[in-house]
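Worksheet for the structure shown next.
The values are calculated or read from the model by the stated rules, or taken from the named source; none is laboratory data. Predicted, not measured: the structure shown is a model, and the values here were computed from it. In this analysis, Cβ positions are derived from the backbone assuming ideal geometry, glycine residues included, and neighbour counts consider all displayed protein chains.
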Amino acid sequence: MTAAIDLGNAGYETVLVDRLPSIGGRMLQLSETFPTLDCAQCTLTPKTVETGQHPNVRLRTYCEVDKVEGAVGHFKVTLRQKAAYVDWDKCTGCGLCQEKCPKKIPSEFERGVGLGKAIYTLSPQAVPNKPVIDPDACRYLTEGKCRVCEKVCPAEAIDYEQKDSFLVEDVGAIIVATGFDLFPLSEIGEYGGGRIPDVIEGLAFERLLSASGPTGGEVRRPSDGQIPKDIVFIQCTASRDPDRYMPYCSRVCCMYTAKHARLYKHKVHDGRSYIFYMDIRSMGKGYEEFVQQGMEEDGICYLRGRVSRLFQDGDKIRVWGVDTLTGRKIEIAADMVVLATAITPSKGVKALAEKLHVVTDEHGFLTEAHWKTHPVESGTEGIYFAGCSQGPKDIADTVAHGSAAASKVQALFANYRNRASLSSEG
Amino acid sequence: MDYLYFPGCTLYTKAKNLDTAARECAKLVGLELRELPNWTCCGATFPLATDNLMALLPPSRILANAMKEGENLTTLCSVCFNVLRRTLHLLETDAEKREKIFDFIEMEYSDGFHLRHYLEILRDEIGFDTVGEHVKRDLKGLKVAPFYGCMLLRPFEEMRFDDKENPRIFEDFLRSIGSEPVDFPYKIECCGSFQSVGAPDVATECGYSILTSAMRNGAEAVVTTCPLCQFNLDTKQKEMKEKYLDFSGIPVLYFSQLMGLSFDLPRETLDFARNDVDPLPLLEKKGVIDGGTDR
């Protein structure tokens, strides 16, 4: 979005492709952001609206890249516009269909701690504010029953006959900003393997904290809806673990875990939070102060050590860790455990990289042309990277990265324009 | 199905009950066990130092001997299995060490040798369904907690026995013979191992935690496949009772004894007399055996 706005402001026509129905990415799922604890949506939505309304930016959401042909200056990108089963030209965004839809399914947006409807927008502030129907969940599309959304829609926008369609965009440059995903709990056997309901990932805890989340911002256990009084947070889950998981540091977890523990304390005054850590990486402006405040004012108990195992024991989760600073084993009977899982590239990035003829590293992150001096260039002229697609980073760095990518495109285009005008003059 | 069989030191002495029952059951399910001639002690631990080749000689010699005698080898004791499997893995992957060791013991190495635990053979080659077909005595859904211990599963990359955090092979076995497996979080924790000699109180604590966890989750009996686990969980219950006065105790059996019971083998074969905590009262209470005439 940052790149699109920058380029749009510079006078260039920009196409923003997103495979989700609306723009905003991961920040939309967050509750508050560090270090200010500003509301994520309040910071983000002015940007999504600006992007959506920008005269030079064209949104192509719910699209996937099918084919990329050509080269710098004249890329031909074929997009697959996925069938939304809703006519977006007719839809007014009233939301009645979502309200009345009877089918509830586990929502990917809610990361396993909440349900969504078969017809949905990702959030109340979605840009564009047009819903899509999940064809695998919709009762009509799978079983031929229901059709409630069609009945209630005042704009007659539901169209079950819609099909995927293709469209082509001719562009001079491409910026890849595919974001990130998280390491799956199912592969972490020693922390329950995804089978313990009250052991969740950090992003799922964000959804519990979020006022627009499945619990309306109340921190409640997925298992029984009770408010947990003892929460264990485990940093470096599947990060910095070369033996079996990811060797790299995921960069944002120290900060967001401190944020989670602080927000939890602000909501549950008699709650106790324990953070198992290896180091505290708080390298941004105001970050260290934020963490210290968490310890001093919000009483977070930081334990330097790893957790070897945790398991369900009756109503509680037994967490076996160690406190290396006192040299003692620690056993905590927690009500809930939040795992700061490793940041991984988004699904499907490898295939996309092949279509673009750009390189990914052994973990799937896009490889920039030079570690130090070319953080946004791909090595293929005209293709640039932005954000977590190139490696884990926080929001501030992502915005800077996006602007950097936009500036490279602007230089590229200005260069061609200058050369073209020179040759026409000469 | 033919397999060379490595008993290990305790299987003919203290753990005879594990051995006899396993052999008799093997006959019934079509597994021919041929004792490895001239076998010796496995060494009991895989060396912690990677350059300690001397400690690898006993298990290497056993494997070399087995390679000479046949194509595959099985064992029952978890510790022996751990040492042998890790040694075989090292011999398969480290050509330099393999050459040094085999030059020293002056024996031949053969590729493609198979080493499997008795339970793996049941699972992969005979099939638990076939095992189930030989069940003649109803175990009346006896709630049994399988204790894996650590030697069967770890280190995972070398042992490759089952999922190291949530293994299922023992549970599948127990179900096939008509008992009800009980899942409990301590099933993969260490029994205390040799600490029962060096720091007996530590081992008592380990065993107590394991048994009480099993009991809390509804177990009526515990099964093992390792003479050392058996010692720490069965024999040491005396110490546990002395320390924890309200500890009621629980029968701990070898899996082969339970298997033999379900196959209705004669009582002498099952050798329950060697179990320090007598399982007969439990079995009688559950109606698995008849108190009086059932012999």
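Summary table
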quantity: Members of segment A:161-178 that are of a type outside the set (Phe, Trp, Tyr) and surrounded by fewer than 20 Cβ atoms within 10 Å (Cβ to Cβ); calculated: A:GLU161, A:GLN162, A:LYS163, A:ASP164, A:SER165, A:LEU167, A:VAL168, A:GLU169, A:ASP170, A:GLY172
quantity: Neighbours by Cβ (under 8 Å, 6+ apart or cross-chain): first from segment B:184-205, within 12 Å of another protein chain (Cβ to nearest Cβ); second of a type in the set (Asp, Glu) and in a loop (DSSP other than H, G, I, E, B); calculated: B:ILE188/B:GLU165
quantity: All positions within segment A:53-67 that are buried (at least 18 other Cβ atoms within 10 Å of the Cβ) and either part of a loop (DSSP other than H, G, I, E, B) or over 22 Å from the mean Cα position of the chain (by Cα) (or both); calculated: A:HIS54, A:TYR62
quantity: Residues that are buried (at least 17 other Cβ atoms within 10 Å of the Cβ) and not aromatic (Phe, Trp, Tyr), drawn from segment A:131-140; calculated: A:PRO131, A:VAL132, A:ILE133, A:ASP134, A:ALA137, A:CYS138
quantity: Elements of type helices (runs of 4 or more DSSP H) contained in segment B:204-295, each with 2 or more residues being farther than 20 Å from B:LYS187 by Cα and acidic (Asp, Glu); calculated: B:237-243
quantity: Answer from B:LEU53, B:LEU63 - the residue that is more than 29 Å from B:LEU270 (Cα to Cα), modelled with pLDDT of 95 or more and in contact with a helix residue (DSSP H, G or I) (Cβ under 9 Å, 6 or more places away or on another chain); calculated: B:LEU63
quantity: Options A:ALA351, A:ALA369: the member that is of a type in the set (Gly, Ala, Ser), under 27 Å from A:ILE188 (Cβ atoms) and in the same structural domain as A:ALA400 (by TED's automatic domain parsing); calculated: A:ALA351
quantity: Residue match in segment A:273-287 (condition: more than 15 Å from A:PHE183 (Cα to Cα), among the small types (Gly, Ala, Ser) and either out of contact with any Asp or Glu (no Cβ under 9 Å at 6 or more places or on another chain) or at pLDDT below 95 (or both)); calculated: yes
quantity: Exclusive hit being among the aliphatic types (A, V, I, L, M), out of contact with any helix residue (DSSP H, G or I) (no Cβ under 9 Å at 6 or more places or on another chain) and away from chain B (no Cβ under 14 Å), set A:VAL322, A:VAL359; calculated: A:VAL322
quantity: Residues within segment A:310-319 that are at the interface with another protein chain (Cβ under 8 Å from one of its Cβ atoms), touching a Phe, Trp or Tyr at 6+ places or on another chain (Cβ under 7 Å) and touching a residue at least 60 places away in the same chain (Cβ under 8 Å), tallied; calculated: 0
quantity: Residue selected from segment B:156-166 under the condition more than 10 Å from every other protein chain (Cβ to nearest Cβ) and not basic (Lys, Arg), by the criterion surrounded by the fewest Cβ atoms within 10 Å (Cβ to Cβ); calculated: B:GLU158
quantity: Residue in segment A:185-201 that is under 21 Å from the mean Cα position of the chain (by Cα) and either more than 14 Å from chain B (Cβ to nearest Cβ) or basic (Lys, Arg) (or both) present; calculated: yes
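Quick grid of which residues meet (1) within 20 Å of the chain's Cα centre (by Cα); (2) free of Cβ contacts under 8 Å to residues at least 60 places away in the same chain; (3) on the phi > 0 side of the Ramachandran plot:
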{"position": "A:ALA351", "(1), (2), (3)": "yes, yes, no"}
{"position": "A:VAL359", "(1), (2), (3)": "no, yes, no"}
{"position": "A:LEU366", "(1), (2), (3)": "yes, no, no"}
{"position": "A:LYS372", "(1), (2), (3)": "no, yes, no"}
